[in-house]
Ligand code: ADP
Ligand code: MG
(Lines give C-alpha, C1' and ligand atoms only; values in the text may rest on other atoms or scores of the structure.)
(Ligands and ions follow the chains in the order given, each with its own letter.)
Protein backbone atom coordinates (compact mmCIF):
# COMPACT_ATOMS: atom_id res chain seq x y z
CA UNK A 1 0.00 0.00 0.00
CA UNK A 2 1.18 3.50 -0.69
CA UNK A 3 0.73 5.81 2.27
CA UNK A 4 0.76 8.70 -0.19
CA UNK A 5 -2.50 7.60 -1.81
CA UNK A 6 -4.10 7.31 1.63
CA UNK A 7 -2.93 10.78 2.56
CA UNK A 8 -4.34 12.15 -0.67
CA UNK A 9 -7.61 10.49 0.28
CA UNK A 10 -7.70 12.05 3.71
CA UNK A 11 -6.65 15.46 2.35
CA UNK A 12 -9.46 15.37 -0.21
CA UNK A 13 -11.75 14.35 2.66
CA UNK A 14 -10.96 17.54 4.51
CA UNK A 15 -11.85 19.52 1.38
CA UNK A 16 -15.22 17.78 1.18
CA UNK A 17 -15.91 18.50 4.84
CA UNK A 18 -14.98 15.07 6.20
CA UNK A 19 -12.57 14.66 9.11
CA UNK A 20 -10.97 11.20 9.16
CA UNK A 21 -9.40 9.81 12.36
CA UNK A 22 -6.74 7.81 10.54
CA UNK A 23 -6.03 6.19 7.16
CA UNK A 24 -7.04 2.72 8.48
CA UNK A 25 -10.62 3.99 8.58
CA UNK A 26 -10.80 3.88 4.79
CA UNK A 27 -10.43 0.09 4.84
CA UNK A 28 -13.57 -0.49 7.00
CA UNK A 29 -15.55 1.80 4.74
CA UNK A 30 -15.12 -0.58 1.82
CA UNK A 31 -16.95 -3.49 3.47
CA UNK A 32 -19.94 -1.55 4.82
CA UNK A 33 -23.33 -2.81 3.57
CA UNK A 34 -25.71 -1.25 6.12
CA UNK A 35 -26.00 2.37 7.26
CA UNK A 36 -27.82 2.92 10.56
CA UNK A 37 -29.06 6.51 10.84
CA UNK A 38 -30.08 8.15 14.08
CA UNK A 39 -33.29 10.15 13.50
CA UNK A 40 -33.18 13.33 15.57
CA UNK A 41 -30.41 15.72 14.58
CA UNK A 42 -29.07 13.39 11.88
CA UNK A 43 -31.96 12.83 9.46
CA UNK A 44 -34.01 15.67 10.98
CA UNK A 45 -32.98 19.18 12.03
CA UNK A 46 -33.21 18.26 15.70
CA UNK A 47 -35.22 21.31 16.62
CA UNK A 48 -38.87 22.34 16.45
CA UNK A 49 -40.19 24.29 13.47
CA UNK A 50 -43.65 25.77 12.96
CA UNK A 51 -45.21 23.56 10.26
CA UNK A 52 -48.94 24.47 10.29
CA UNK A 53 -51.03 27.50 11.31
CA UNK A 54 -54.79 27.04 11.53
CA UNK A 55 -56.91 30.11 12.30
CA UNK A 56 -60.57 30.29 13.35
CA UNK A 57 -63.13 31.87 10.99
CA UNK A 58 -62.49 35.57 10.50
CA UNK A 59 -59.04 35.58 12.12
CA UNK A 60 -55.96 36.98 10.42
CA UNK A 61 -53.02 34.57 10.26
CA UNK A 62 -50.37 37.32 10.30
CA UNK A 63 -51.91 38.89 13.40
CA UNK A 64 -52.03 35.49 15.15
CA UNK A 65 -48.35 34.95 14.40
CA UNK A 66 -47.40 38.47 15.44
CA UNK A 67 -49.08 38.32 18.86
CA UNK A 68 -48.25 34.67 19.60
CA UNK A 69 -44.67 35.17 18.38
CA UNK A 70 -44.16 38.26 20.53
CA UNK A 71 -45.34 36.39 23.62
CA UNK A 72 -43.31 33.25 22.85
CA UNK A 73 -40.21 35.36 22.24
CA UNK A 74 -40.08 35.74 26.04
CA UNK A 75 -40.11 31.95 26.62
CA UNK A 76 -37.22 29.46 26.32
CA UNK A 77 -39.43 26.45 25.55
CA UNK A 78 -38.55 24.68 22.23
CA UNK A 79 -42.17 25.20 21.09
CA UNK A 80 -41.88 28.90 21.90
CA UNK A 81 -38.64 29.29 19.97
CA UNK A 82 -40.20 27.68 16.89
CA UNK A 83 -43.20 30.04 17.04
CA UNK A 84 -41.12 33.16 17.71
CA UNK A 85 -38.70 32.34 14.87
CA UNK A 86 -41.53 31.78 12.38
CA UNK A 87 -43.23 35.00 13.48
CA UNK A 88 -40.08 37.08 13.18
CA UNK A 89 -39.42 35.59 9.72
CA UNK A 90 -42.90 36.35 8.39
CA UNK A 91 -44.06 39.47 10.21
CA UNK A 92 -40.79 41.27 11.00
CA UNK A 93 -39.84 42.82 14.37
CA UNK A 94 -42.07 41.60 17.21
CA UNK A 95 -43.82 43.94 19.68
CA UNK A 96 -42.87 44.00 23.37
CA UNK A 97 -44.61 41.91 26.05
CA UNK A 98 -45.83 43.16 29.44
CA UNK A 99 -46.53 40.94 32.44
CA UNK A 100 -45.11 37.77 30.88
CA UNK A 101 -46.02 34.67 32.92
CA UNK A 102 -44.98 31.08 32.37
CA UNK A 103 -47.74 28.74 33.54
CA UNK A 104 -45.75 25.59 34.27
CA UNK A 105 -46.74 22.64 32.07
CA UNK A 106 -49.55 24.59 30.40
CA UNK A 107 -48.16 27.51 28.44
CA UNK A 108 -47.56 31.22 28.61
CA UNK A 109 -49.54 34.44 29.02
CA UNK A 110 -48.83 38.17 28.73
CA UNK A 111 -50.04 41.45 27.29
CA UNK A 112 -49.04 42.34 23.72
CA UNK A 113 -50.26 45.58 22.06
CA UNK A 114 -52.97 45.86 24.70
CA UNK A 115 -54.26 42.29 24.18
CA UNK A 116 -54.14 39.63 26.92
CA UNK A 117 -52.60 36.76 24.93
CA UNK A 118 -52.42 33.05 25.83
CA UNK A 119 -50.41 30.33 24.05
CA UNK A 120 -50.38 26.74 25.26
CA UNK A 121 -52.49 23.71 25.92
CA UNK A 122 -56.24 24.07 25.32
CA UNK A 123 -56.60 23.54 29.08
CA UNK A 124 -54.83 26.86 29.72
CA UNK A 125 -57.21 28.70 27.39
CA UNK A 126 -60.20 26.90 28.94
CA UNK A 127 -59.24 28.33 32.34
CA UNK A 128 -60.04 31.71 30.79
CA UNK A 129 -63.23 30.39 29.16
CA UNK A 130 -61.60 30.38 25.73
CA UNK A 131 -62.82 27.22 24.01
CA UNK A 132 -61.56 25.95 20.67
CA UNK A 133 -64.12 25.92 17.84
CA UNK A 134 -64.68 22.37 16.49
CA UNK A 135 -62.62 22.86 13.34
CA UNK A 136 -59.58 23.93 15.36
CA UNK A 137 -60.14 21.05 17.77
CA UNK A 138 -60.03 18.71 14.77
CA UNK A 139 -56.72 20.16 13.52
CA UNK A 140 -55.24 19.83 17.00
CA UNK A 141 -56.26 16.17 17.28
CA UNK A 142 -55.05 15.33 13.76
CA UNK A 143 -51.64 16.84 14.49
CA UNK A 144 -51.30 14.93 17.74
CA UNK A 145 -52.33 11.68 16.03
CA UNK A 146 -49.46 12.26 13.56
CA UNK A 147 -47.01 12.54 16.45
CA UNK A 148 -46.73 16.32 16.29
CA UNK A 149 -47.18 18.96 18.98
CA UNK A 150 -50.05 21.42 18.70
CA UNK A 151 -50.77 24.46 20.87
CA UNK A 152 -53.68 26.88 21.00
CA UNK A 153 -53.60 30.68 20.75
CA UNK A 154 -56.20 33.04 22.19
CA UNK A 155 -56.62 36.65 23.27
CA UNK A 156 -59.27 38.99 24.60
CA UNK A 157 -61.59 36.18 25.64
CA UNK A 158 -61.47 34.14 22.42
CA UNK A 159 -59.54 31.09 21.12
CA UNK A 160 -58.21 32.07 17.70
CA UNK A 161 -55.76 29.56 16.30
CA UNK A 162 -53.91 26.26 16.55
CA UNK A 163 -50.19 26.14 15.81
CA UNK A 164 -48.45 22.86 14.97
CA UNK A 165 -44.72 22.39 15.53
CA UNK A 166 -42.51 19.47 14.54
CA UNK A 167 -38.91 18.49 14.13
CA UNK A 168 -38.57 18.59 10.33
CA UNK A 169 -36.47 16.46 7.97
CA UNK A 170 -33.31 18.21 6.70
CA UNK A 171 -33.66 19.29 3.06
CA UNK A 172 -30.63 17.17 2.08
CA UNK A 173 -31.66 13.89 3.77
CA UNK A 174 -33.75 12.29 0.99
CA UNK A 175 -31.00 12.92 -1.58
CA UNK A 176 -28.42 11.47 0.82
CA UNK A 177 -30.46 8.26 1.23
CA UNK A 178 -30.77 7.98 -2.56
CA UNK A 179 -26.98 8.28 -2.88
CA UNK A 180 -26.33 5.70 -0.14
CA UNK A 181 -28.67 3.26 -1.90
CA UNK A 182 -26.90 3.91 -5.21
CA UNK A 183 -23.69 2.82 -3.48
CA UNK A 184 -25.42 -0.49 -2.65
CA UNK A 185 -26.00 0.28 1.03
CA UNK A 186 -29.19 -0.48 3.00
CA UNK A 187 -30.34 2.44 5.19
CA UNK A 188 -31.90 1.73 8.61
CA UNK A 189 -33.59 4.42 10.74
CA UNK A 190 -32.91 4.12 14.49
CA UNK A 191 -34.75 6.18 17.09
CA UNK A 192 -36.07 6.36 20.62
CA UNK A 193 -39.14 8.13 19.28
CA UNK A 194 -42.44 6.36 18.76
CA UNK A 195 -43.17 4.10 15.78
CA UNK A 196 -45.67 6.51 14.11
CA UNK A 197 -43.24 9.45 14.05
CA UNK A 198 -40.36 7.18 12.97
CA UNK A 199 -42.41 5.65 10.10
CA UNK A 200 -43.46 9.05 8.79
CA UNK A 201 -39.87 10.36 8.79
CA UNK A 202 -38.64 7.13 7.14
CA UNK A 203 -41.30 7.36 4.41
CA UNK A 204 -40.38 11.00 3.76
CA UNK A 205 -36.71 10.20 3.10
CA UNK A 206 -37.10 6.75 1.51
CA UNK A 207 -36.06 4.35 4.27
CA UNK A 208 -37.89 0.99 4.60
CA UNK A 209 -36.20 -0.48 7.65
CA UNK A 210 -37.18 1.23 10.94
CA UNK A 211 -36.12 0.39 14.50
CA UNK A 212 -38.12 2.64 16.86
CA UNK A 213 -38.69 3.10 20.59
CA UNK A 214 -35.10 2.12 21.40
CA UNK A 215 -33.81 3.39 24.75
CA UNK A 216 -30.53 5.36 24.52
CA UNK A 217 -28.54 2.60 26.24
CA UNK A 218 -29.93 -0.03 23.83
CA UNK A 219 -28.76 1.63 20.60
CA UNK A 220 -25.42 -0.17 20.86
CA UNK A 221 -27.25 -3.53 21.09
CA UNK A 222 -29.08 -2.80 17.86
CA UNK A 223 -25.72 -2.35 16.12
CA UNK A 224 -24.39 -5.58 17.70
CA UNK A 225 -27.48 -7.50 16.59
CA UNK A 226 -27.10 -6.34 12.98
CA UNK A 227 -23.42 -7.33 13.08
CA UNK A 228 -24.39 -10.75 14.48
CA UNK A 229 -26.60 -11.17 11.39
CA UNK A 230 -23.43 -10.79 9.33
CA UNK A 231 -23.93 -7.20 8.29
CA UNK A 232 -21.08 -4.67 8.24
CA UNK A 233 -22.49 -1.56 9.84
CA UNK A 234 -21.84 2.15 9.47
CA UNK A 235 -23.63 4.26 12.07
CA UNK A 236 -24.37 7.96 11.69
CA UNK A 237 -25.29 9.88 14.84
CA UNK A 238 -24.95 13.20 16.60
CA UNK A 239 -25.82 12.87 20.27
CA UNK A 240 -24.31 11.80 23.57
CA UNK A 241 -26.78 8.88 23.35
CA UNK A 242 -25.16 7.68 20.15
CA UNK A 243 -21.54 7.44 21.36
CA UNK A 244 -21.52 3.73 22.31
CA UNK A 245 -23.25 2.72 19.07
CA UNK A 246 -20.83 4.87 17.02
CA UNK A 247 -17.88 3.15 18.70
CA UNK A 248 -19.41 -0.33 18.22
CA UNK A 249 -20.14 0.20 14.52
CA UNK A 250 -17.61 -0.98 11.93
CA UNK A 251 -17.59 2.63 10.79
CA UNK A 252 -18.82 5.47 13.01
CA UNK A 253 -19.76 8.78 11.40
CA UNK A 254 -20.57 11.77 13.60
CA UNK A 255 -22.41 14.91 12.57
CA UNK A 256 -20.04 17.83 13.11
CA UNK A 257 -23.01 19.78 14.42
CA UNK A 258 -23.49 17.19 17.18
CA UNK A 259 -21.93 16.62 20.59
CA UNK A 260 -18.19 16.31 21.29
CA UNK A 261 -18.82 12.87 22.81
CA UNK A 262 -20.28 11.59 19.55
CA UNK A 263 -17.40 13.06 17.52
CA UNK A 264 -14.87 11.51 19.91
CA UNK A 265 -16.44 8.05 19.53
CA UNK A 266 -16.52 8.07 15.74
CA UNK A 267 -14.10 7.34 12.89
CA UNK A 268 -15.33 10.08 10.58
CA UNK A 269 -16.85 13.49 11.23
CA UNK A 270 -19.17 15.14 8.71
CA UNK A 271 -18.21 18.75 9.34
CA UNK A 272 -21.33 20.46 8.03
CA UNK A 273 -23.93 18.07 9.43
CA UNK A 274 -25.07 17.32 5.86
CA UNK A 275 -25.94 13.64 5.42
CA UNK A 276 -24.97 13.70 1.72
CA UNK A 277 -21.38 13.93 2.89
CA UNK A 278 -21.74 10.39 4.37
CA UNK A 279 -22.19 9.13 0.81
CA UNK A 280 -19.24 11.31 -0.33
CA UNK A 281 -17.11 9.76 2.43
CA UNK A 282 -17.88 6.20 1.37
CA UNK A 283 -17.38 7.00 -2.31
CA UNK A 284 -14.06 8.75 -1.57
CA UNK A 285 -12.78 5.85 0.52
CA UNK A 286 -13.61 3.31 -2.16
CA UNK A 287 -11.95 5.43 -4.82
CA UNK A 288 -8.85 5.95 -2.68
CA UNK A 289 -8.56 2.21 -2.03
CA UNK A 290 -9.00 1.47 -5.73
CA UNK A 291 -6.07 3.80 -6.45
CA UNK A 292 -3.86 1.87 -4.05
CA UNK A 293 -4.64 -1.62 -5.35
P1 ADP B 1 -42.89 19.13 27.46
O2 ADP B 1 -41.82 20.12 27.12
O3 ADP B 1 -42.35 17.78 27.72
O4 ADP B 1 -44.02 19.12 26.50
P5 ADP B 1 -43.74 21.04 29.46
O6 ADP B 1 -44.18 20.82 30.87
O7 ADP B 1 -42.59 21.92 29.21
O8 ADP B 1 -43.52 19.58 28.90
O9 ADP B 1 -44.98 21.58 28.64
C10 ADP B 1 -46.19 20.87 28.59
C11 ADP B 1 -47.06 21.44 27.52
O12 ADP B 1 -47.44 22.77 27.88
C13 ADP B 1 -46.40 21.57 26.17
O14 ADP B 1 -46.43 20.38 25.42
C15 ADP B 1 -47.26 22.67 25.55
O16 ADP B 1 -48.48 22.13 25.10
C17 ADP B 1 -47.52 23.57 26.73
N18 ADP B 1 -46.49 24.62 26.83
C19 ADP B 1 -45.56 24.78 27.80
N20 ADP B 1 -44.81 25.88 27.57
C21 ADP B 1 -45.27 26.41 26.41
C22 ADP B 1 -44.92 27.55 25.63
N23 ADP B 1 -43.95 28.39 25.95
N24 ADP B 1 -45.64 27.77 24.51
C25 ADP B 1 -46.62 26.95 24.14
N26 ADP B 1 -47.00 25.87 24.83
C27 ADP B 1 -46.34 25.60 25.94
MG1 MG C 1 -40.33 20.60 28.97
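Going by the structure shown, is residue 119 at pLDDT 95 or above, under 20 Å from the mean Cα position of the chain (by Cα), within 12 Å of ligand 1 (Cβ to nearest atom) and under 20 Å from residue 51 (Cβ atoms)?
no
Pick from 243, 203, 228, 217: which is out of contact with any strand residue (DSSP E or B) (no Cβ under 7 Å at 6 or more places or on another chain) and surrounded by 19 or more Cβ atoms within 10 Å (Cβ to Cβ)?
Being out of contact with any strand residue (DSSP E or B) (no Cβ under 7 Å at 6 or more places or on another chain) and surrounded by 19 or more Cβ atoms within 10 Å (Cβ to Cβ) holds for just one of 243, 203, 228, 217, which is 243.
Sort out which residues of the range 80-109 are away from ligand 1 (no atom under 14 Å from the Cβ) and in contact (Cβ under 8 Å) with a residue 12 or more places away in the chain, and write them in order of number.
Across the range 80-109, the qualifying residues are 88, 90, 91, 94, 95, 96, 98, 99.
Scan the helices (runs of 4 or more DSSP H) fully inside the range 1-101 and keep the ones with 1 or more residues being surrounded by fewer than 20 Cβ atoms within 10 Å (Cβ to Cβ), at pLDDT 90 or above and not assigned by TED's automatic domain parsing to the domain that holds residue 233.
Output list reads 61-72, 78-91.
Of the residues that sit in the range 134-145 and are within 15 Å of ligand 1 (Cβ to nearest atom) and more than 21 Å from residue 77 (Cα to Cα), which one is surrounded by the most Cβ atoms within 10 Å (Cβ to Cβ)?
Step by step, filter the range 134-145, then rank; the result is 136.
The values are calculated or read from the model by the stated rules, or taken from the named source; none is laboratory data. The shown structure was predicted, so the numbers you read here are calculated from the model rather than taken from an experiment. Positions of Cβ are backbone-derived with ideal geometry, glycine not excepted, and every protein chain shown enters the neighbour counts.
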